[in-house]
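What follows is a short report on a single structure.
Coordinate-derived values only; no laboratory data. Quick caveat, the model's predicted, so the values are computed rather than measured. Every residue, glycine as well, gets a Cβ built from its backbone with ideal geometry; the counts of neighbours run over all protein chains shown.
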Amino acid sequence: MLKLGILVSGGGTNLQAILDAIASGRIRNACVSVVISNNRGAYALERAAAAGVKGRCISPKDYENRDLFYQALLQELQENGVDLVVLAGFLVGIPPMIVNAYENRIINIHPSLIPSFCGTGYYGLRVHEAALQRGVKVTGATVHFVDTGTDTGPIILQKAVEIREDDTPQSLQRRVMEQAEWQILPEAVSLIAQGRIEVNNGKVRIKP
Ligand code: GRF
């Protein structure tokens, strides 16, 4: 049984997609050990409670410095026996100390087709604003492993979403979530739980 540690900062719709996929059997052989938020008011923590899953708040504000905060985060993951860390809208950067402790065992969902509209500064609505500004006709979402760069790790799954002429950043964000994020994030977790993901030379192969 793959033990998941899900890191969140906000609404937690991607967390919900994973909880629903476990409940419906679309993800098998995995369970959520802990949901950790850096933000006490995150609605994601209420979703965890409603699903009967352990929720914790680890906020940088409660620690003297960043290193102590990161140590507490890593300790919480380890104490809960987490095998796979899922960044589901976690707005805090993951330091090399944690990346190295969980090499190729941290995944992130990003709301564009990497390598477009990703890297430092591309988060939340900004990603969709940039896509609309550039006038691309297709965007989407990407699930990737986390390495020490920003959105640079091996790509696991991507799904495209068409852009409409009347899209606003908000309407596009919503459609990318519905049509891409909520599907490929649970799917990636399921593939990892089935042992079907292999990483070679920075590239992911999905075993049949
Ligand atoms: C999503 O758009 C995700 O791609 C990004 O942050 C947002 C999180 O939304 N990384 P939610 O908290 O899962 O609803």
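Quick grid of which residues meet (1) closer than 20 Å to V189 by Cβ; (2) part of a loop (DSSP other than H, G, I, E, B):
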{"residue": "L45", "(1), (2)": "yes, no"}
{"residue": "K61", "(1), (2)": "no, no"}
{"residue": "F69", "(1), (2)": "no, no"}
{"residue": "V86", "(1), (2)": "yes, no"}
{"residue": "G93", "(1), (2)": "no, yes"}
{"residue": "I98", "(1), (2)": "yes, no"}
{"residue": "F117", "(1), (2)": "no, yes"}
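The listed residues are V53, V82, and the only one of them that is in contact (Cβ under 8 Å) with a residue 60 or more places away in the chain, over 22 Å from E178 (Cα atoms) and not acidic (D, E) turns out to be V82. A search for C-beta distances below 6 Å between a residue of region 36-48 that is among the polar types (S, T, N, Q) and any residue that is part of a loop (DSSP other than H, G, I, E, B) and within 11 Å of the ligand (Cβ to nearest atom), counting only pairs 6+ apart in sequence or on different chains, returns N38/S9; N39/S9. Does V136 satisfy the condition of being within 15 Å of the chain's Cα centre (by Cα) and of a type outside the set (G, A, S)? Considered against the rule, which asks whether it is within 15 Å of the chain's Cα centre (by Cα) and of a type outside the set (G, A, S), V136 comes out as no. Considering region 11-31, and only residues there that are in contact (Cβ under 8 Å) with a residue 12 or more places away in the chain and of a type in the set (S, T, N, Q), the residue that is farthest from the ligand (Cβ to nearest atom) turns out to be N29. Within region 77-94, being crowded, with 16+ Cβ neighbours inside 10 Å and within 25 Å of G124 (Cβ to Cβ) holds for L77, L84, V85, V86, L87, A88, G89, F90, V92, I94. Restricting attention to region 183-208 and to residues that are surrounded by fewer than 18 Cβ atoms within 10 Å (Cβ to Cβ) and either of a type in the set (G, A, S) or assigned to a strand (DSSP E or B) (or both), the residue that is farthest from the chain's Cα centre (by Cα) turns out to be N200. Would you check which residues across region 74-110 are among the acidic types (D, E) and within 21 Å of N200 (Cα to Cα) and list them? Within region 74-110, D83, E103 qualify. State which residue is farthest from Y122 (Cα to Cα) when the search covers only region 56-70 and only residues that are without any contact (Cβ under 8 Å) to a residue 12 or more places away in the chain and surrounded by 14 or more Cβ atoms within 10 Å (Cβ to Cβ). Once the filter is applied, the top-ranked residue is Y63. Exactly one residue among H144, H128 is surrounded by 20 or more Cβ atoms within 10 Å (Cβ to Cβ) and either more than 10 Å from the ligand (Cβ to nearest atom) or assigned to a loop (DSSP other than H, G, I, E, B) (or both), and that residue is H144.
Against the condition part of a strand (DSSP E or B) and crowded, with 18+ Cβ neighbours inside 10 Å, how does V35 come out, does it pass? Spelling it out, V35 is indeed part of a strand (DSSP E or B) and crowded, with 18+ Cβ neighbours inside 10 Å. In the set V8, V82, V34, which member is within 23 Å of L191 (Cβ to Cβ) and within 12 Å of the ligand (Cβ to nearest atom)? When all the criteria are applied, what remains is V8. If the condition is being more than 17 Å from R126 (Cα to Cα), surrounded by fewer than 19 Cβ atoms within 10 Å (Cβ to Cβ) and within 14 Å of the ligand (Cβ to nearest atom), then region 160-182 contributes E178, Q179. Residue pairs whose Cβ atoms lie under 7 Å apart, separated by 6 or more positions or on different chains, with the first residue in region 148-168 and at positive phi and the second among the small types (G, A, S), are D151/G119.
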